[in-house]
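Q: Input: one structure, supplied below.
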Amino acid sequence: MEAPIKFRIGKSKIYQALAIVLAIGCVVPLIAILLYIIKSGASKINWHFLTSIPKPVGESGGGIANALLGSMIVIFISSIIAIPIGILCGVFLSENRKSKLAYYTRLSVDVLQGVPSIVVGIVAYFWLVKPFGGFSALSGSIALAIMMLPIVIRSTEETLKLLPNSIREAAFALGMPFHRVILKVIIPCGINGILSGVMLSVARIAGETAPLLFTAFGNPYIATDITKPMQTLPLLIFNYATSPYND
Amino acid sequence: MSQISALRSVTLKRLDFTRQKAEETVRIKRSYRHIWGEKAFRKTLIIIAIAIITLLIALVVTLVVQSIPSIKHVGISFIWTKVWNPVKDIYGGLPFLIGTLLSSFLALIISIPFSFAVAIILGEYYPKGWMSNLLKNTVELIAAVPSVIYGFWGLAVLVPLVRAFETKIGVAPIGVGIFTASLILAVMVIPYSASLGRSMIQMVPADLKEAAYSLGATRWEVIRTVVFPYVKSGLFAGVLLSLGRAIGETMAVTMVIGNTNILPRGIFSPGNTMASVIANEFTEADHPVYLSALIELGLLLFVVTLIINVIGKSIIKKFTQE
């Protein structure tokens, strides 16, 4: 009743080949994207492009200095807000694994991680743009900080959970107070994992556009005032890609 | 002489005593400070944890409060009204709901074979070696590319391709539309289900697989009869998480979906998703009900992704605890 062994082995081989082909197939778009970006972008990048501001619509030339600077400022501010809070919250979650508060906090972090970025943008608009009467880089930074938080918290918690309990116990046995155990022993031990989580979150928000549409808004000039609209790189790409002009 | 030495020893003792006393007070002070620091630190941690919960609650409350005008204006029929016409004050979310569901599910269907293939390759066929490392890193890189880059690439490369394809099969060659958006989304969500599926497949106990091999099963038979049934729920959770991601995705979709506020007639017609209509019209919304209707869409989006994510995460939790 069984199919002959050769047929079965052949079938197995076919499925293996199919899996390999499909797996390679999903790498193709990525390579295509990278090639396209490099091919059409590499020749345009020079010192002038990086240091000058965009020309008015319809003129060729110009650069991206405003967006570059804006991106850096926005990322910097949101990192300052999100990283300390995120690490401390991760410490709390890993130190109090069973408590009720930790359960609800973990749940909130999970939910926050799944919130669509555009919804974060809406909320930041109502918290920070409308009451203060205008788009500002600060509101964009806070929206991005909200998006960073879950990633930092989760990675900190996961890293600290993996540390052996004996390290913590040894520190306590020497009579160290709780906050010094955390700051001087636990966090330095897990610093690698925490930093990789931080880098991941920075990479994530660096390319984020949707929450900035109604918060940082964009600005064709170089701006350093964080209470005013500011341009960032992803916003610039979006505006240029969807505008009817062919610059 | 002896009197002097006695006096000296007494003085020395007294000095010693005062020194001890001073050291002790310093120690006590220090330990007080430590206790104070410890308490303050614990309190800070608790306050931060509460702040995170408050943040989420405030987020939900803001969305609900801001969408009240629209809920009052349109009522529950918001979900099935077909017309979205802010000029005439008619707000119906159905075109966007359909657009979102259609593009996300289409994206899932396209991406599932690819992501499962990656999961099987990395989890079962080639779990080690530089080739699988390369594949793993490349797939993770897919998740790291900003969505606006995907949108840009879609607009510049994919749209002409789809247009040519549409001319060939004989539908109106628009290029932008739900199908194009689904293609982009499919690429974007592959890493989510693939990496989760990989870790699930690696958790299949080796003795189960070895037992099947010893009975004479081929590689594929082991995968189909042992590995798949074991990781079924895990793979499902991965698909759910990528669905949640696809539904909330904004920028790439906004750039290629065509942005028309009518009910899509097929997978090739242009449409709009909930996220893309918010991105397009939020800054243009000129009266309160219009704005509030957009926020209601945001609330709807939030609730849908919330449900999907919670189900997915609970499945994963159950799976990893077993």
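We did not get these values from a lab; they are worked out from the coordinates using the rules stated. Note that this is a predicted model, so its numbers are computed, not measured. Backbone-built Cβ (ideal geometry, glycine too); neighbour counts: all protein chains shown.
Q: Rounded to two decimals, what is Rg over Rh for chain B when you use alpha-carbon atoms and the Kirkwood radius?
A: My calculation of the ratio gives 1.28.
Q: To the nearest Å, what is the center-to-center distance of the range B:240-274 and the range B:98-114, using C-alpha atoms only?
A: Taking the Cα centre of each part, the range B:240-274 and the range B:98-114 sit 10 Å apart.
Q: Once each part is reduced to its C-alpha centroid, what is the distance from the range A:115-173 to the range B:188-226 in angstrom?
A: 36 Å
Q: A further question on this structure: Only helical DSSP H runs with n ≥ 4 go in: add -39500 (n - 2.57) per run for chain B, normalise by residue count and round the 222 nm mean residue ellipticity to 500 deg cm²/dmol.
A: -25500 deg cm²/dmol
Q: Could you give the distance between the Cα centres of the range B:10-80 and the range B:122-178, to the whole Å?
A: What the calculation gives is 46 Å, centre to centre.
Q: Ordered by packing density, taken as the mean number of other Cβ atoms within 10 Å over each peptide's residues, highest first, how do A:201-212, B:127-138 rank?
A: A:201-212, B:127-138
Q: In the structure displayed, which of A:Lys130/A:Lys228; B:Lys209/B:Lys232; B:Lys128/B:Lys313; B:Lys232/B:Lys317; B:Lys232/B:Lys313 lie more than 18 Å apart, Cα to Cα?
A: Values: A:Lys130/A:Lys228 13 Å; B:Lys209/B:Lys232 16 Å; B:Lys128/B:Lys313 27 Å; B:Lys232/B:Lys317 14 Å; B:Lys232/B:Lys313 15 Å.
Correct reply: B:Lys128/B:Lys313.
Q: Within 10 Å, count the other beta carbons around each residue, average over each peptide in B:86-98, B:203-215, A:108-120, B:16-28, and list them highest first.
A: Values: B:86-98: 17.1, B:203-215: 12.7, A:108-120: 23.0, B:16-28: 10.0.
Final packing ranking: A:108-120, B:86-98, B:203-215, B:16-28.
Q: Follow-up question, since we're still on this one. Assuming 1.567 mPa s and 4 °C, estimate D for the range B:10-74 with Stokes-Einstein, Rh taken as the Kirkwood radius over Cα pairs, in µm²/s.
A: Rounded, D is 77 µm²/s.
Q: At 7 Å along the Cα-to-beta-carbon direction for both B:His287 and A:Ile80, put a label point, then send me their distance in nm to one decimal.
A: 4.3 nm
Q: Can you bin the range B:45-86 into rounded, prolate or oblate? Criterion: square roots of the alpha carbon gyration tensor eigenvalues sorted a ≥ b ≥ c, rounded for a/c under 1.5, prolate for a/b above b/c, oblate for the rest.
A: prolate
Q: Under the definition of Cα pairs under 8 Å and six or more residues apart, what whole-number percent is the relative contact order of chain A?
A: Over chain A, the number comes to 27 percent.
Q: Let me ask something else about it. Taking a ≥ b ≥ c as the square roots of the eigenvalues of the Cα gyration tensor of the protein assembly as shown, is the shape rounded (a/c under 1.5), prolate (a/b larger than b/c) or oblate?
A: Cα axes put the protein assembly as shown in the oblate bin.
Q: At what distance in nm do the modelled label points of A:Leu107 and B:Gln20 sit from each other, each positioned 7 Å from its Cα along Cα→Cβ?
A: Placing both labels 7 Å beyond Cα along the Cβ direction yields 5.7 nm.
Q: Let me ask another. How many nm is it between the label spots at A:Leu163 and B:Ile50, if each spot is 7 Å from the Cα in line with the beta carbon?
A: 2.6 nm
Q: Let me know the mean shielding of A:195-206 by other chains, meaning the per-residue number of their Cβ atoms within 10 Å of its Cβ.
A: Per-residue shielding by partner chains comes out at 1.
Q: If you average 1/r across every pair of different Cα atoms in chain A and take the reciprocal, what Kirkwood value do you get, in Å?
A: 21.6 Å
Q: If r is the Cβ-Cβ distance from B:Lys43 to A:Lys11 and R0 is 51 Å, what FRET efficiency results, to the nearest 0.05?
A: Numbers: r = 64 Å, r/R0 = 1.25.
FRET efficiency, B:Lys43 to A:Lys11: 0.20.
Q: Using all alpha carbons of the range B:124-219, what is the percent of pairwise distances in each 5 Å bin, ordered from the shortest bin to the longest?
A: 2, 11, 15, 14, 12, 11, 11, 8, 7, 6, 3, 0
Q: May I pose another question? Using only the Cα atoms of the range B:185-283, build the gyration tensor, take square roots of its eigenvalues as a ≥ b ≥ c, and label the shape rounded, prolate or oblate: rounded if a/c is under 1.5, else prolate if a/b is larger than b/c, else oblate.
A: prolate
Q: Would you tell me the mean number of C-beta atoms belonging to other protein chains that fall within 10 Å of each C-beta in B:148-157, as a whole number?
A: Across the residues of B:148-157, the mean count of other-chain Cβ atoms within 10 Å is 6.
Q: Jot down the radius of gyration and Dmax of the range B:53-180, Cα atoms only, both in angstrom.
A: Gyration radius and largest Cα-Cα distance of the range B:53-180: 21.2, 62 Å.
Q: Express the relative contact order of chain B as a whole percentage, based on alpha carbon pairs under 8 Å and six or more residues apart in sequence. Present the calculation step by step, with values, prior to reporting the outcome.
A: Values: 389 pairs, mean separation 78.6, N = 322.
It comes to 24 percent, rounded to a whole number.
Q: Per residue of B:32-41, count partner chain C-beta atoms within 10 Å of its C-beta, then hand back the mean as an integer.
A: Neighbouring Cβ atoms belonging to other protein chains average 4 per residue here.
Q: Suppose only helical runs count, i.e. DSSP H with n ≥ 4. What mean residue ellipticity at 222 nm does that imply for chain A under -39500 (n - 2.57) per run, divided by all residues and rounded to the nearest 500 deg cm²/dmol?
A: -21000 deg cm²/dmol, from helical runs alone.
Q: For the range B:162-211, what is the convex hull (Cα atoms) projected area averaged across all directions, in square nanometres? Please list the in-between numbers first.
A: Numbers: hull surface 22.2 nm².
So the Cα hull casts an average projection of 5.6 nm².
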